[in-house]
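The values are calculated or read from the model by the stated rules, or taken from the named source; none is laboratory data. Because the structure is predicted, anything quoted here is derived from the model rather than measured. Every residue, glycine among them, receives a Cβ derived from its backbone with ideal geometry; neighbour counts consider all protein chains shown. The area values use the complete protein model at the heavy-atom level, side chains included, leaving out ligands, DNA and RNA. Shrake-Rupley method; radii C 1.70, N 1.55, O 1.52, S 1.80 Å.
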Amino acid sequence: MFGDPKKKALEKFRKEIRTGIYAYLVLSLLKKEKTHGYALKKALEDLSDGKFVPGESTLYGILKTLEKYRLIQGGWIEVGGRARKYYEITQTGKEVLEELRREIELIKEVLEKDF
């Protein structure tokens, strides 16, 4: 393995943690309203003051995965003469979101312990 092992490890684990959290946040946002990818990215920017925002390829990869597992569904809508793919959460997505919410509460409890 070439390069700085610390840098490589941080990059790998940050990516894994962030991808899961981004998926959770996307589901949470879609539970509130049907929207398109750019609006999701903008909402994540607003939520985190620009500090926790996925790249475009990461976001669309997450949306594709969520669709694959039928947690969301997308459909094309023309808005202002431009086609946009809008996403909405499915019933399965709502159920998974609730399970993930409980998992995140457990993780928060563990991380808040003094160890």
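General observations
- All conditions but one from (1) in contact (Cβ under 8 Å) with a residue 24 or more places away in the chain; (2) open to solvent by 90 Å² or more (accessible area, probe 1.4 Å) apply to Ile72; the one that does not is (2).
- Remark: Gln91 matches the filter, which requires a residue to be loosely packed, with under 10 Cβ neighbours inside 10 Å, at pLDDT 95 or above and within 13 Å of Leu30 (Cα to Cα).
- Residue within the stretch 15-24 that is among the charged types (D, E, K, R), within 19 Å of Thr65 (Cα to Cα) and open to solvent by 90 Å² or more (accessible area, probe 1.4 Å) present: yes
- Scan of the stretch 25-45 for residues that are open to solvent by less than 100 Å² (accessible area, probe 1.4 Å), free of Cβ contacts under 8 Å to residues at least 40 places away in the same chain and either acidic (Asp, Glu) or out of contact with any strand residue (DSSP E or B) (no Cβ under 8 Å at 6 or more places or on another chain) (or both), ordered by number: Leu25, Ala39, Lys41, Lys42, Leu44, Glu45
- Under the condition of being more than 18 Å from Ile17 (Cβ to Cβ), touching a helix residue (DSSP H, G or I) at 6+ places or on another chain (Cβ under 8 Å) and not charged (D, E, K, R), the residues counted in the stretch 44-64 number 2.
- Checked against (1) out of contact with any Leu (no Cβ under 7 Å at 6 or more places or on another chain); (2) modelled with pLDDT of 95 or more; (3) closer than 21 Å to Arg18 by Cα, Gly75 passes all but a single condition, namely (3).
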